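Please find one structure pasted underneath; my questions will follow.
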Amino acid sequence: MRNFLSVRKRIFNQCESGFSLVEIIFVLAISSILLVIAVPKLEIPVRKSIDGIKKYSNAGFNSLRSSVDVSKEFMLIQERLNIRSYLYAAKNIYMSDSIYPKSVGDLQRFTKVSGCHLTQKQTRNNHLRDCIKLGNNSTATIWESKNRNYWLTMYSEDLIFNVQSIPFSDDEKGVLGCFNSKTGSVITKIFKKDKVKIKTLTC
């Protein structure tokens, strides 16, 4: 019985001792060999996947940038059409009454004018500000566009009636328009806003 207990104790002590130094070195050597073989083979697919991620990221950013550009161009075209309709309304008013429109309410007789009231001090867009919609009898000569990206102003000089749709941000495009009561011509032009004073369009 004693012999059995001493053998069992010896086995238990050997189990508790763990791996020997030789075994650890052997495992590390095999792991190193496997790494030396595997790393070059893994490097190519990893590099390809990183390149693929970069490529798709660039494509995604370019697509996003182009979609923003497309939406800006669409808004600009829409604004140009609005300006043309205001100018033709001014032409109709001049043909019927021999005067230029003095306010949004006058334009509303011949075309729909959508937007928000805007004071001269508010030349910066603020989407959080409440939109006080233009009415049929509005006396406004300056207003904010329906999409709230432009501020519009109308005025007349001698024989020419002008409407300007000016973007709030610099380096963005806007629309200038004029109606000449002598020649009857209506012209619209796209311009790029910078910090220089916006010139009046002549037609």
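The values are calculated or read from the model by the stated rules, or taken from the named source; none is laboratory data. Treat the numbers as computed from the prediction; the structure is a model and nothing was measured. Cβ coordinates were reconstructed from backbone atoms using ideal geometry, including for glycine residues, and neighbour counts include every protein chain displayed.
Taking residue 110 as the residue in question, decide whether it is at pLDDT 90 or above, outside any strand (DSSP E or B) and touching a helix residue (DSSP H, G or I) at 6+ places or on another chain (Cβ under 7 Å).
Taking the combined requirement at face value, the residue satisfies it.
If you go through the stretch 188-203, how many residues are hydroxyl-bearing (Ser, Thr, Tyr) and crowded, with 18+ Cβ neighbours inside 10 Å?
Residues in the stretch 188-203 being hydroxyl-bearing (Ser, Thr, Tyr) and crowded, with 18+ Cβ neighbours inside 10 Å: 1 in total.
Report, by residue number, each residue of the stretch 146-187 that is under 24 Å from residue 117 (Cα atoms), at pLDDT 90 or above, surrounded by fewer than 23 Cβ atoms within 10 Å (Cβ to Cβ) and in contact with a Cys (Cβ under 8 Å, 6 or more places away or on another chain).
162, the sole residue that qualifies.
Consider residue 81 carefully, then state whether it is of a type in the set (A, V, I, L, M, F, W, C) and at pLDDT 80 or above.
yes
Do we have any residue at all in the stretch 153-162 that's of a type in the set (A, V, I, L, M), under 18 Å from residue 92 (Cβ atoms) and not in a strand (DSSP E or B)?
The answer is yes; a qualifying residue exists.
Name the pairs: first residue in the stretch 135-163 and in contact (Cβ under 8 Å) with a residue 24 or more places away in the chain and among the acidic types (Asp, Glu), second residue part of a strand (DSSP E or B) and crowded, with 17+ Cβ neighbours inside 10 Å, Cβ to Cβ under 9 Å, at least 6 apart or on different chains?
Every condition considered, the pairs that remain are 144/115; 144/116; 144/117; 144/150; 144/151; 144/152.
Per-residue answers, yes or no, for (1) on the phi > 0 side of the Ramachandran plot; (2) in contact (Cβ under 8 Å) with a residue 40 or more places away in the chain; (3) among the aliphatic types (A, V, I, L, M); (4) not in a loop (DSSP other than H, G, I, E, B):
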residue: 165; (1), (2), (3), (4): no, yes, no, yes
residue: 171; (1), (2), (3), (4): yes, no, no, no
residue: 175; (1), (2), (3), (4): no, yes, yes, yes
residue: 182; (1), (2), (3), (4): no, no, no, no
residue: 188; (1), (2), (3), (4): no, yes, no, yes
